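Inspection log for the structure reproduced underneath, given as C-alpha cells.
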Amino acid sequence: MKKEIIQNLTNNFEEHSQKTENEIEFWFARDLQHLLGYKKWSNFLKVINKAKISCKTNKNNVLDHFADVGKMVELGSGSKREIRDIALTRYACYLIAQNGDSRKEQIAFAQNYFAIQTRRLEVIEQRIKDWERLQARQKLTLSEKELSGLIYERTGNNRNFGIIRSKGDHVLFNKTTQQMKGKLGVPKGRALADFLPVITIKAKDFATEITVFNTKGKDLKSEQQISNEHITNNRSVRNILLERGIKPEELPPEEDIKKLQRRVNSENKKIGKNPDKLV
C-alpha cells in the first residue's frame, strides 16, 4: 500500500472520529460503513453483528462498545428524518475490521489502524500506571525520611525509626516485615515498599503522614509513644482496606521499582534522541 494512500486513509478515519462529553473517542457506524467500502447498510450490519459476537466471546460488555443511537439526516427535499445508527468505540471498530474482508484495501488498512490505536492506548495507560507507582514510592520515601528525622529528634536514637516502621508493617499486613519480604520474594537488603503495588504504598504513606502529623501535634517524645501512634494509624488504614475488600498481605508483588525507574528513564532517553517518534 503506497504512502499516499495510507496518509489519505489515515486522514479519513481521523476526520470522522467523534468524542463524547467525557472525551471518549468513537465513530458512527454509518460513517465507518463508507470508510470501509460497504455500499449497503444491511450488508454492513452483518459484519457488525459478527463483531458483537466477537466482543461477547472476549468477555466484554457489548453495550459498552456498540451503542444504538438515532441520527437526524437531511433529505433532498430539505426535510429531515431520523435514521438508525450505532456509536462505536475504537475497540468495536477494530472488531468490525477484523470481521471484514481483508482483501479490501480499506479494511486491510482499518485492521492495522485500529489495532495500533488500541495498542497506543494500552501503552499510554501502562505508562500512567508506571508513573503513578514511581510517584507514590517517591512520596513514601519523603514521608519516611521526615518521620525518621522526627523520631531521631525526639528520641535521640537513630535505630528507633526501623523499629517503629516494622511495628507499623506488622499491623498493616498482619505479618512481620520479614515475613512479607519472604512472601513477595524481596531480595536481601531491599526495601519492602520497592515491590508493593500502588495501593499499598499509598496506604503506608498515609499512615506515616498521620504519624508525622500527630507526633508533632501531640508532642510525642518517646519511642513507645510514637510506636503506639504508628500502630494505631496502620491499624486504621488496614481496617479501611479490609472494609473495601482489600487484604494488603494477599496482593501480588509488583515489578522492582528500581527496574521500573531504569525502564522509564531509558524510554525517556529514546524519545529525546528520536523526537520524530512522537508524531
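The values are calculated or read from the model by the stated rules, or taken from the named source; none is laboratory data. Fair warning: this is a prediction, and the values are worked out from it, not measured in the lab. Heads up, the Cβs are rebuilt from the backbone with ideal geometry, glycines too, and the neighbour counts pull from every protein chain shown.
Only a single item in (1) in contact with an Asp or Glu (Cβ under 7 Å, 6 or more places away or on another chain); (2) among the hydrophobic types (A, V, I, L, M, F, W, C); (3) within 30 Å of Ile201 (Cβ to Cβ) is not met by Ile128, and it is number (1). Among the residues making up region 143-165, those that are without any contact (Cβ under 8 Å) to a residue 24 or more places away in the chain and in a helix (DSSP H, G or I) are Lys145, Ser148, Gly149, Tyr152, Glu153, Phe161, Gly162.
One line per residue, one yes/no per condition, for (1) at pLDDT 90 or above; (2) surrounded by fewer than 17 Cβ atoms within 10 Å (Cβ to Cβ); (3) in a helix (DSSP H, G or I):
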site	(1), (2), (3)
Leu9	no, no, yes
Asn43	yes, yes, yes
Ile53	yes, yes, yes
Leu88	yes, no, no
Leu95	yes, no, yes
Arg103	no, yes, no
Asn112	no, yes, yes
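Yes/no matrix, rows are residues, columns are (1) modelled with pLDDT of 95 or more; (2) touching a Phe, Trp or Tyr at 6+ places or on another chain (Cβ under 7 Å); (3) hydrophobic (A, V, I, L, M, F, W, C):
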{"position": "Lys145", "(1), (2), (3)": "yes, no, no"}
{"position": "Leu150", "(1), (2), (3)": "yes, no, yes"}
{"position": "Asp169", "(1), (2), (3)": "yes, no, no"}
{"position": "Leu184", "(1), (2), (3)": "yes, yes, yes"}
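A quick yes/no check of all residues on (1) closer than 27 Å to Asp130 by Cα; (2) outside the structural domain of Thr141 (by TED's automatic domain parsing); (3) surrounded by 12 or more Cβ atoms within 10 Å (Cβ to Cβ):
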| position | (1), (2), (3) |
| --- | --- |
| Lys218 | no, no, no |
| Glu223 | no, no, yes |
| Leu241 | yes, no, yes |
| Leu251 | yes, no, yes |
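Lys188 meets each of the listed conditions (1) without any contact (Cβ under 8 Å) to a residue 24 or more places away in the chain; (2) of a type in the set (Lys, Arg); (3) surrounded by 16 or more Cβ atoms within 10 Å (Cβ to Cβ) apart from (3). Is it true that some residue in region 144-161 is closer than 20 Å to Asn214 by Cβ, of a type in the set (S, T, N, Q) and exposed (fewer than 15 other Cβ atoms within 10 Å of the Cβ)? So far as region 144-161 goes, yes, one or more of its residues are closer than 20 Å to Asn214 by Cβ, of a type in the set (S, T, N, Q) and exposed (fewer than 15 other Cβ atoms within 10 Å of the Cβ).
Do the conditions hold for Val212, that is, is it among the aliphatic types (A, V, I, L, M) and modelled with pLDDT of 95 or more? Answer is yes for this residue.
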